[in-house]
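**Q** The structure is given below, and queries will be raised subsequently.
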Amino acid sequence: MKTMLWEDNQLLLIDQTKLPDELTYFTCKNYKDVIQAIKTMVVRGAPAIGVAAAFGVALADLAGEDLEKAAKEIKSSRPTAVNLFWAVDRIMASDFPLEEAVKMYQEDIDTNRAMGKHGAKVIEDGDTILTHCNAGALACVDYGTALGVIRAAFEEGKKINVLCDETRPLGQGARLSVWEMQQENIPVKLIVDSAAGYLMQQGEVDKIVIGADRVAKGGVANKIGSLMVALTAKRFNVPFYVAAPMSTFDSENSIYDVEIEERGPEEVTHYGNCCITPKGTEVRNPAFDIVPSDLIAGIITENGILDPL
Ligand code: MRU
């Protein structure tokens, strides 16, 4: 199943805000629709945002719109995942935006499969693997980065168990990663984020594999909560891996200079449509945090397992 499809000069995106209740598609007829989809997290996850943005520029090109303006607006949709900027720059440098976007679409799938093969080498038969957020097929065009590694190990016949952190506030682990694993009968259990430490202390977690929004000098930015998982993993000697394509690398900048997105308070004050806090509660809602390089055992890429920057 593909997270996005290009059909009749339109981009169809699985609406991830509706999963797992409904599997429906959001249609992008123009680049403004793509911006809306990225902002509202109809499409989310660094590689998926990148490829959707590439098709956004292609849509602007097909409509004969001002490409510089469209590119600038698309780039301002979310700040942290570097794939967005990488993808828009790549399309802008190409003479054939649509052809280039289609190329990126296929490359994303091939890259994830290669990453999966490399990553599966660190997964042993019988391992229980903890993951945080959703770095699966839904965060890419298909197959996934962290969940791609898990898929590859499972396809090799290794008997593995997966633990998915719920991933508050938006529940990407609970809603999306669990759903993906269930589709393929990969044994999976859901835990609340705060159970991860206890299970590591009990020796019930063998490996951790997460994705990344940006790999830069000094560490990795990923979904809020990744830092606490990494710190706890260090304490209990659980190897902590990051799976990310080279398009997520930003080797120019320090990770501490990267803008960490802060999102609206309603994501924290509500579970779905249900308000769980007193009226007027003030909120901080950073969407990502930074895992320093010294907490990371390796970065699993399509080119092999690399040291963090
Ligand atoms: O806010 P999101 O859902 O876009 O955050 C996604 C993540 O943090 C993922 O782990 C990351 O983008 C890697 S996806 C392969």
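The values are calculated or read from the model by the stated rules, or taken from the named source; none is laboratory data. Here the structure is a predicted model, which means the values were calculated and not measured. Cβ placement follows ideal geometry from the backbone for every residue including glycine, while neighbour counts extend to all protein chains displayed. For accessibility, only protein heavy atoms count, side chains too; no ligands or nucleic acids. Shrake-Rupley method; radii C 1.70, N 1.55, O 1.52, S 1.80 Å.
**Q** Size of the range 4-111 along its principal axes in angstrom, Cα-based, largest extent first?
**A** Between the extreme Cα coordinates on each principal axis of the range 4-111 lie 40, 27, 25 Å.
**Q** Could you calculate the FRET efficiency of ASN273 with ARG235 from 1/(1 + (r/R0)^6), where r is the beta carbon distance between them and R0 is 41 Å, rounded to 0.05?
**A** Computed FRET efficiency for ASN273 and ARG235: 0.65.
**Q** From the helices alone, meaning DSSP H stretches of at least four residues, give me the mean residue ellipticity at 222 nm for the chain, per-run term -39500 (n - 2.57), in deg cm²/dmol to the nearest 500.
**A** -10500 deg cm²/dmol
**Q** Taking 25 Å as R0, compute the FRET efficiency from the Cβ-Cβ separation of THR281 and VAL192 and round it to 0.05.
**A** The pair THR281/VAL192 has a calculated efficiency of 0.75.
**Q** ³J(HN,Hα) across the range 20-29 via Karplus (A = 6.51, B = -1.76, C = 1.60, θ = phi - 60°), whole Hz, x for Gly/Pro?
**A** x, 5, 9, 9, 10, 10, 9, 9, 9, 8
**Q** Where is the GNM fluctuation largest for the chain (alpha-carbon springs, 10 angstrom cutoff): GLN36, GLN202, GLN182?
**A** GLN202
**Q** Determine the order of ILE74, ILE260, ILE276, ILE109 by accessible area, beginning with the largest, at a probe radius of 1.4 Å.
**A** From most exposed to least exposed: ILE276, ILE260, ILE109, ILE74.
**Q** Could you compute Rg(Cα) / (2.2 N^0.38 Å) for the range 196-309, with N its residue count?
**A** Ratio of Rg to 2.2 N^0.38 Å for the range 196-309: 1.21.
**Q** Give me the percent of Cα-Cα pairs in the range 54-163 that sit more than 19 Å apart, rounded to a whole number.
**A** Beyond 19 Å sits 53 percent of the P(r) for the range 54-163.
**Q** Here's another thing I want to ask about it. Near LYS103, which lysines are there with a Cα under 21 Å away, not counting those fewer than 8 places off in the same chain?
**A** The qualifying lysines are LYS2, LYS29, LYS75.
**Q** At 0.36 nm per residue, and after removing the present C-alpha to C-alpha distance, how many nm does the segment from PHE96 to LYS39 gain when stretched out fully?
**A** So the extension gain works out to 17.9 nm.
**Q** Here is a further query. If you count only protein heavy atoms and use a 1.4 Å probe, how large is the accessible surface of LYS29, to the nearest 10 Å²?
**A** That residue has around 130 Å² of solvent-accessible surface.
**Q** While we're looking at this one, here's another question. Which value, in Å² and to the nearest 10, is the accessible area of GLU73 when all protein chains are kept and the probe is 1.4 Å?
**A** 50 Å²
**Q** Among LYS234, LYS189, LYS69, which one moves the most in a GNM of the chain with springs linking Cα atoms closer than 10 Å?
**A** LYS69
**Q** Kirkwood Rh, the range 125-200, all Cα pairs: how many Å?
**A** Every distinct Cα pair counted, the radius reaches 12.2 Å.
**Q** Let me ask you something else. For the range 134-276, take N as its residue count and report Rg(C-alpha) divided by 2.2 N^0.38 Å.
**A** Output field value: 1.07.
**Q** Further, regarding this structure: From Cα coordinates alone, what are the radius of gyration and Dmax values for the chain in angstrom?
**A** 18.5, 59
**Q** Expressed as an acute angle from 0 to 90° and rounded to the nearest 10, what is the orientation of the C-alpha long axis of helix 82-92 relative to the principal long axis of the chain?
**A** In the chain, helix 82-92 runs at an angle near 30 degrees to the longest axis.
**Q** Which pairs break 23 Å Cα to Cα here: LYS18/LYS117; LYS117/LYS207; LYS39/LYS117; LYS32/LYS72?
**A** LYS18/LYS117; LYS39/LYS117
**Q** Right, next: What percent antiparallel are the DSSP beta bridges of the chain, to the nearest 5?
**A** Of the beta bridges lying entirely in the chain, close to 55 percent run antiparallel.
**Q** Just add up the charged neighbours of THR24: K/R +1, D/E -1, any other residue whose Cβ is under 9 Å from the Cβ of THR24.
**A** That sum, taken over residues with Cβ under 9 Å, equals -1.
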